[in-house]
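Visitor: One structure, pasted below without further comment.
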There are 4 protein chains.
Amino acid sequence: MSGVWGSNIKLSIFGESHGGAIGINISGLPVGKAIDEEEIYKEMQRRAPGRSNLATARKEEDRVEILSGVFNGKTTGAPLCGIIRNNDTRSKDYSKLKDVMRPSHSDYPASVKYKGFNDYRGGGHFSGRITAPLVFAGAIAKSILKEKGIKIGAHIKSIADIEDEEFNPIYIDSTVLDTLKEKDLPLIDDNKKALMEHRILSAKMEGDSVGGVIQCAITGVEVGVGDPFFDSLESTIAHLAFSVPAVKGIEFGKGFELSKLKGSEANDSYYYEGEKIATKTNNNGGILGGLTNGMPVLFNVAIKPTASIIKYQDTVDIDKKEDTKLQIEGRHDPCIVTRAVVVIEAIAALALLDLMEGEF
Amino acid sequence: MSGVWGSNIKLSIFGESHGGAIGINISGLPVGKAIDEEEIYKEMQRRAPGRSNLATARKEEDRVEILSGVFNGKTTGAPLCGIIRNNDTRSKDYSKLKDVMRPSHSDYPASVKYKGFNDYRGGGHFSGRITAPLVFAGAIAKSILKEKGIKIGAHIKSIADIEDEEFNPIYIDSTVLDTLKEKDLPLIDDNKKALMEHRILSAKMEGDSVGGVIQCAITGVEVGVGDPFFDSLESTIAHLAFSVPAVKGIEFGKGFELSKLKGSEANDSYYYEGEKIATKTNNNGGILGGLTNGMPVLFNVAIKPTASIIKYQDTVDIDKKEDTKLQIEGRHDPCIVTRAVVVIEAIAALALLDLMEGEF
Amino acid sequence: MSGVWGSNIKLSIFGESHGGAIGINISGLPVGKAIDEEEIYKEMQRRAPGRSNLATARKEEDRVEILSGVFNGKTTGAPLCGIIRNNDTRSKDYSKLKDVMRPSHSDYPASVKYKGFNDYRGGGHFSGRITAPLVFAGAIAKSILKEKGIKIGAHIKSIADIEDEEFNPIYIDSTVLDTLKEKDLPLIDDNKKALMEHRILSAKMEGDSVGGVIQCAITGVEVGVGDPFFDSLESTIAHLAFSVPAVKGIEFGKGFELSKLKGSEANDSYYYEGEKIATKTNNNGGILGGLTNGMPVLFNVAIKPTASIIKYQDTVDIDKKEDTKLQIEGRHDPCIVTRAVVVIEAIAALALLDLMEGEF
Amino acid sequence: MSGVWGSNIKLSIFGESHGGAIGINISGLPVGKAIDEEEIYKEMQRRAPGRSNLATARKEEDRVEILSGVFNGKTTGAPLCGIIRNNDTRSKDYSKLKDVMRPSHSDYPASVKYKGFNDYRGGGHFSGRITAPLVFAGAIAKSILKEKGIKIGAHIKSIADIEDEEFNPIYIDSTVLDTLKEKDLPLIDDNKKALMEHRILSAKMEGDSVGGVIQCAITGVEVGVGDPFFDSLESTIAHLAFSVPAVKGIEFGKGFELSKLKGSEANDSYYYEGEKIATKTNNNGGILGGLTNGMPVLFNVAIKPTASIIKYQDTVDIDKKEDTKLQIEGRHDPCIVTRAVVVIEAIAALALLDLMEGEF
């Protein structure tokens, strides 16, 4: 497996859902940056399980222990490793899943690739739980980026067919982003909250699940961030986004909709706003030629419905080599989208920090 | 700039639209593989300009000169470098574009990032022309993958609002893929050809442009290709896809549509098809947990309408620091989608070869 | 800092001498390999401090806690992270070393590079203690390599001017390598033991230190390991060797002595030994053109005398900006060579595993 | 093969001794740097063959054609690719070397590793000729480093047993380095010139060859260059040095000799030289903890005698599977050291530029 990512900062991730601990080693961080453990904890809580009836009942405090790289509360320049102990593991729930493949999970291809040696309990290294260290790293990245006035925030663009408003592509007030972080259902239009909760809980009651789309914004980023040909900002964000389990699509700016417009409709015209060059529209989501153009960076990520559902499903038993039926037990999220919002923010922050690292 | 990509094979790309030559150095290819220069030439012609009234009038033969890495017609294991001379360059067309920024192009952010030293002629290193070396590398990758029964093919899923049929997600006959390569408008449903051509030519007559979506399929790939956590097959393909100019979105399987389904609708049930495990549906596009599951790999790529249009556009002059209007001259594609089909196939082949390299 | 190394396996190291823990995350290990914690512990003890009067009195059990990547005693293919808690830290010993630079240590350049934010206690991330995780990773690498009959062993070639015998360059019995591991002073000629011990203890009594040379051998490696142009086996081993603090030189085969020979003396003639091709001499240390040639791989590493000595030294106080004198307190090794033997074996094993990874 | 090297700048090398062209693609160069083609040509001539009776009679002009990355005489930030055509190839000289392995060359291990598909003519990709692109890249790196007052120069420390003087480790006047570049035998003590020439020509007359040691100095480098744990300056230079064919050893500062000293003799004491911190000795070669300390960086590289000699040698025929005798024909250097001086300077410049890239 390739647990390492990054060019300037390097992330090295580890852990399994039901192992001793999960964690991440971050190499290449700028020196002398304050590490605010309470701020990190708040970010971790945005992803942590067990906080509401919209999410899995598994309880994990997800307090990160920092083992290295911080001295007197500041980054030293040496690799910063943080670990999170797994506490509330009920591995017995998973014992029968060694041979019976859960549909839409990694179980079957992982079993083939790793010749049956993979830790299948709770999906092992493929578990969504492995995104917790990403949130930790993302919290550090965000606090470093904030120094330069860069803010990152995301909201639930949709759950199933229920749509939130979108960010204003031209101008996003930073208080909008701050406010979203405080909400348990981060929406621009809070009127949609009840509807979305109802959709999630209905699915839960049916033993089913729903998916959604997350829209993420980055504001305050200067012109020229990105490293083409191969490390465009879009490539960098997309690479990390597709490491997050359940992500099945990404688009920048108007994305797929852009493919239906004419050039004269799609192109973002420039004008001088005082000394500053701005665009009148932002269909390209703040990225041209793989480089930021000074407008808000905007992208959408599609999250599939949680694969683990209680409803009976057709599947196979690879030991008996026969078709079978499966009812997944254990504790699962009826909708992963709410907890994934902070993960998507984290990957945006990490992508940006990697490309901008020399500037801190 | 980061002109290098890959873990096992390593691509190192170079060149500008109006420089001496463009090319690519490919390191890490398996040894003893036949290099069929005519097959490569055929692939290059699928992307080459100047072949029809649907594309730019710039004429480039795009014949690749292989400088190294091949001996007696076979790969030696040493790096294989191919170069393509630029012939039909009319750099004067671009002289006024040094200061007047073309909307939706890299001109403005590149000028800031590279402090005005970038080669602005024809977009320089940001030109779509730089995808020609990718097609060359992709042609080699495809011929190596073919050894293991892997085939890659793509079609135009849509131009503007005109939709082709989609691939059958469960089973794609390899003759379908072969046939697509022979078509100048690669469609599953050829009845849409006249409509699409008309849409492109209408835009051209208006001095405008259109975009579209390309759907790509990979068949015959074994179970378990991908290298999570960070180098999932989706991450690897997406990373390369967003290096291709004009790509603004990517989705795997049903992608964004998947976010609207319930788990019970989205999950792909398993069953035994004789000895082989298959899924009844393929909403996940053949990839689970970042690994192939043995079903056809399917993904869609959104291409924005060509940014270069003849219609007047509002923009800025960064030398005079004032707003201005721009009418882009030169020879441009009214729709880049047709020529991009083989580029998307190429990046799929390269992503796959990189992840599978040890097996050849 | 760049805490990540490797192409196929990827090491990500972390920790400071006086921080919470040191450790390493190893990504890309082959799957299904048995992890023998007792064997690992034995290897760790070969490097651990506090075992004799030849080494520092700091006592660390150096028991590794494996957090991930192992399930039912076997590697899972997921990243394997091991951590070692720091126990016997006396950080107060180091308080005055914030400003007074220890000669021949990283203190001064690190303080400049990391702007004073580096953890200076015990050298922080620059401490020789950070080689403990390398030994852990090396122990795993060795046990994997053993599967293919590859053995790695090293001995003390010299301490100061006292020389051990050298390995027979043509044939090294594997029992020789096994026996060395059991010795507290790993020598081929045990008659030199008393002399060497005396030299080390004399230096200790004078408040001084000595250095030496370690010779390392790899046997049983097949022909063709190495990945030129840039990742020759020599480059790969040397890269890792110079990560080890106190290493100041490396040579393969006869190395520097080879520069004094004529081609007719230096060249290793081939002959058929039955079916197998062998060389009559092995001046090149088993590596030609960066690739193994089937003969034992042999290299020497020069270790400088421990920089920390009790004797008064001239140095500077960077806070007061004046010259000063320094007497280093704390617990230090009069000679690091003895404990470094297993570290050099470890880097040889890791270099080899990285280059051979696809074969396991 | 791994033809790619570097973290911040990335080198991608290609070519064979008797192929169409050799070259290098350099990615990540700073922008706006003047490219002086005549300066490059002068550097190339220091390595080029056919210039004197001390070197091979093969004549190659080694004029580099720059294909990309330069616009109006300055670097654009896009990858810079330079190629060198092979002209004076006499491939027939090598026809019998397909099966008869030249001792101390890569022939045999390369034939095994690449299954006989490698281009064996003149050593193919393993030829010393592949260092020409390194010299090209090095010339560019040097001119960029010069901006910050960094100078790099090397001399022949020894040929066989004839020794030149060494650099003054404490202070090296930059005119010393400039003067060395003009000499055909770059020596500090020109009185040794006649002796060394005689030693080389004697070997040539005997159909034999000699080796030597090159000492390289870097002056004017600031404190703190290096990226530990794994990318120390020593690791970075050593990695590249062992890519150069015929290099068998490297040592920094006093290197192996240091292993014989006591700590009190070896340690470099600090003092204030005005505002600046300096060391009284420079046994560590300007590098501590993998970081520069502001003193001249000094290292020695051992070059083995040219493997190709005319004298009869015992070897094997791998086609007939029998022992045989070989007399190597063709045109060869009786001593590669003279031409390697500029190669060693090049790798020093490239290592430094890679580690310092963000500063330009």
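The values are calculated or read from the model by the stated rules, or taken from the named source; none is laboratory data. Remember, predicted model here, so these are calculated numbers, not experimental data. Don't worry about glycine lacking a Cβ; one is built from the backbone with ideal geometry, like all the others, and counts go over all protein chains shown. For accessibility, only protein heavy atoms count, side chains too; no ligands or nucleic acids. Shrake-Rupley method; radii C 1.70, N 1.55, O 1.52, S 1.80 Å.
Visitor: Find how much the distance from D:Glu273 to D:Asp319 grows on full extension, using 0.36 nm per residue of separation minus their present alpha carbon separation; answer in nm with one decimal.
Guide: Extending this stretch completely gives an extra 9.9 nm.
Visitor: A further question follows. Taking each residue in D:16-23, count the Cβ atoms of any other chain within 10 Å of its Cβ, then average. What number comes out?
Guide: Partner-chain Cβ atoms within 10 Å, mean over residues of D:16-23: 5.
Visitor: Let me ask something additional. Report the rotationally averaged projected area of the protein assembly as shown based on its alpha-carbon convex hull, in square nanometres.
Guide: 48.5
Visitor: Quick one: with all protein chains in place, what share of the accessible area of chain D is carbon or sulfur, to the nearest percent (1.4 Å probe)?
Guide: After summing per-atom areas, the C and S share lands at 48 percent.
Visitor: About the Cα centre of the range B:245-309, what is the dipole size in debye to 20, counting +1 per Lys and Arg Cβ and -1 per Asp and Glu Cβ, all else neutral?
Guide: Using Cβ point charges on Lys, Arg, Asp and Glu, the range B:245-309 gives about 260 debye.
Visitor: Over the alpha carbons of the range C:202-360, what is the largest minus smallest coordinate on each principal axis, giving the biggest first in Å?
Guide: 68, 37, 27
Visitor: Ranked highest first by the average count of other Cβ atoms within 10 Å around their residues, in what order do A:352-358, B:123-129, A:302-308 fall?
Guide: Ranked by mean Cβ neighbours within 10 Å, highest first: A:302-308, B:123-129, A:352-358.
Visitor: Tally Lys/Arg at +1 and Asp/Glu at -1 over every other residue whose Cβ is under 10 Å from the Cβ of D:Ala302; what's the total?
Guide: The answer is +2.
Visitor: So what does A:Lys321 come to for accessible area, using a 1.4 Å probe and Å² rounded to 10?
Guide: 140
Visitor: Still on this structure: Report the calculated FRET efficiency for C:Glu166 and D:Glu265 (r = Cβ-Cβ distance, R0 = 30 Å), to the nearest 0.05.
Guide: 0.70
Visitor: How many Å² of accessible area per residue for the range B:15-163, probe 1.4 Å?
Guide: 32
Visitor: Right, here's the next one. Could you please report the charge total around A:Val64, scoring K, R as +1 and D, E as -1 over all other residues with beta-carbon less than 15 angstrom from its beta-carbon?
Guide: Net of charged neighbours comes to -2.
Visitor: Suppose you put the label 7 Å out from Cα in the Cβ direction; list, shortest first and in nm with one decimal, how far C:Asp173 is from each other copy's label.
Guide: C:Asp173 label point versus its equivalents elsewhere: 6.1, 7.0, 8.5 nm.
Visitor: What fraction of the Cα pairs in the range A:88-172, stated in percent, has a spacing above 21 angstrom?
Guide: Considering the range A:88-172, 57 percent of its Cα-Cα pairs are separated by more than 21 Å.
Visitor: What is the set of long-range amide H partners of D:Gly285 at a cut-off below 5 Å, with H atoms built 1.01 Å from backbone N?
Guide: Those lying under 5 Å, H to H, from D:Gly285 are D:Gly253, D:Lys254.
Visitor: Using the Karplus curve 6.51 cos²θ - 1.76 cosθ + 1.60 with θ = phi - 60°, work out ³J(HN,Hα) for each residue of the range A:6-12 in order, rounded to whole Hz, and write x for Gly and Pro.
Guide: x, 9, 9, 8, 10, 9, 10
Visitor: How large are Rg and Dmax for the range D:104-151 when calculated on the C-alpha trace, in angstrom?
Guide: Here Rg and the maximum Cα pair distance are 16.5, 48 Å.
Visitor: Oh, and also: Please list the radius of gyration and Dmax for the range D:1-129, considering alpha-carbon atoms only, with Å as the unit.
Guide: Every Cα atom of the range D:1-129 included, Rg and Dmax give 16.8, 50 Å.
Visitor: Please grab the % of Cα pairs in the range A:1-58 that end up more than 14 Å from each other.
Guide: Tail fraction, whole percent: 72.
Visitor: Taking the Cα centre of the range C:206-277 as origin and charging only Cβ (+1 Lys, Arg; -1 Asp, Glu), how large is the dipole, in debye to the nearest 20?
Guide: Taking the Cα centre of the range C:206-277 as origin, the dipole is about 180 debye.
Visitor: Under a no-solvent Debye model with one identical scatterer per Cα of chain A, what's log10 I(q)/I(0) at q = 0.14 Å⁻¹?
Guide: So the normalised log intensities are -1.21.
Visitor: Using only protein heavy atoms and a 1.4 Å probe, report how much of D:Glu329 is accessible, in Å² to the nearest 10.
Guide: 110
Visitor: Cα atoms only, the range C:294-360: Rg and Dmax in Å?
Guide: 19.5, 58
Visitor: In addition: Kindly report, to the nearest 10 Å², the accessible surface of C:Trp5 as traced by a 1.4 Å probe over protein heavy atoms only.
Guide: 20
Visitor: Can I ask one more? Let me know the shape class of the range B:252-303, please: from the alpha-carbon gyration tensor, a ≥ b ≥ c as square roots of the eigenvalues, rounded when a/c is under 1.5, otherwise prolate if a/b is greater than b/c, or oblate.
Guide: oblate
Visitor: Work out which helices of chain C, taken as complete DSSP H runs, extend at least 27 Å along their axis over the Cα atoms and score a mean Kyte-Doolittle of 1.0 or more, then list them.
Guide: Those that clear 27 Å and a mean of 1.0 are C:337-356.
Visitor: Out of A:Val337, A:Cys216, A:Ile250, whose Cα points farthest toward the positive end of the dipole of the range A:216-351 (charges: +1 Lys, Arg; -1 Asp, Glu; placed on Cβ)?
Guide: The Cα lying farthest towards the positive end belongs to A:Val337.
Visitor: Across the residues of D:69-77, average count of Cβ atoms on other protein chains within 10 Å?
Guide: 6
Visitor: Taking C:Lys96 as the anchor, which aspartates and glutamates have their alpha carbon closer than 17 Å to its alpha carbon, excluding any fewer than eight residues away along the same chain?
Guide: C:Asp107, C:Asp119, C:Asp314, C:Asp317, C:Asp319, C:Glu322, C:Asp323, C:Glu329
Visitor: I've got another one for you. Every other copy gets compared here: list the nm distances from the D:Lys325 label point (7 Å along Cα to Cβ) to its counterparts, shortest first, one decimal.
Guide: 7.1, 8.5, 8.9
Visitor: Additional query: Determine which residues of the range D:315-354 fall in the zone a paramagnetic label at D:Lys98 would reach in this model, i.e. backbone nitrogen under 16 Å from the point 7 Å along Cα→Cβ.
Guide: Hits in the range D:315-354 for D:Lys98 at 16 Å: D:317-321.
Visitor: May I pose another question? Mind giving me the nanometre distance, one decimal, between the label points for D:Met205 and C:Lys115, set 7 Å out from Cα along Cα→Cβ?
Guide: 6.5
Visitor: Ordered shortest first, which distances in nm separate the 7 Å Cα→C-beta label point of C:Glu38 from those of the other copies?
Guide: 5.0, 6.7, 7.5
Visitor: Determine the shielding of peptide D:315-326 by partner chains: average, over its residues, the number of Cβ atoms on other chains within 10 angstrom of each Cβ.
Guide: Mean partner shielding for this stretch: 3.
Visitor: Next up: In Å², rounded to the nearest 100, what is the total accessible surface buried by chains A and B against each other with a 1.4 Å probe?
Guide: Buried surface at the A/B interface: approximately 7900 Å².
Visitor: Turning to a different aspect of this structure: Highest mean first, what order results for C:276-282, B:294-300, A:283-289 on Cβ atoms within 10 Å?
Guide: Highest mean packing first, the order is A:283-289, B:294-300, C:276-282.
Visitor: I've got another one for you. What FRET efficiency would be calculated for the residue pair D:Asp173, A:Phe360, taking the C-beta separation as r and a Förster radius of 56 Å, to the nearest 0.05?
Guide: Calculated transfer efficiency: 0.90.
Visitor: Count the net charge of all other residues whose Cβ sits under 13 Å from the Cβ of C:Lys311, scoring Lys and Arg as +1 and Asp and Glu as -1.
Guide: Every neighbour counted, the sum reads -1.
Visitor: Report the residue of chain B with the smallest Cβ-to-axis distance, using the rotation axis that brings B onto D, in whole Å.
Guide: Whole-Å result, nearest residue of chain B to the axis: B:Ser12, 2.
Visitor: Roughly speaking, what is the centre-to-centre gap between the range C:121-160 and the range B:64-142 when only Cα atoms are used, to the nearest Å?
Guide: Computed from Cα coordinates, the inter-centre distance equals 46 Å.
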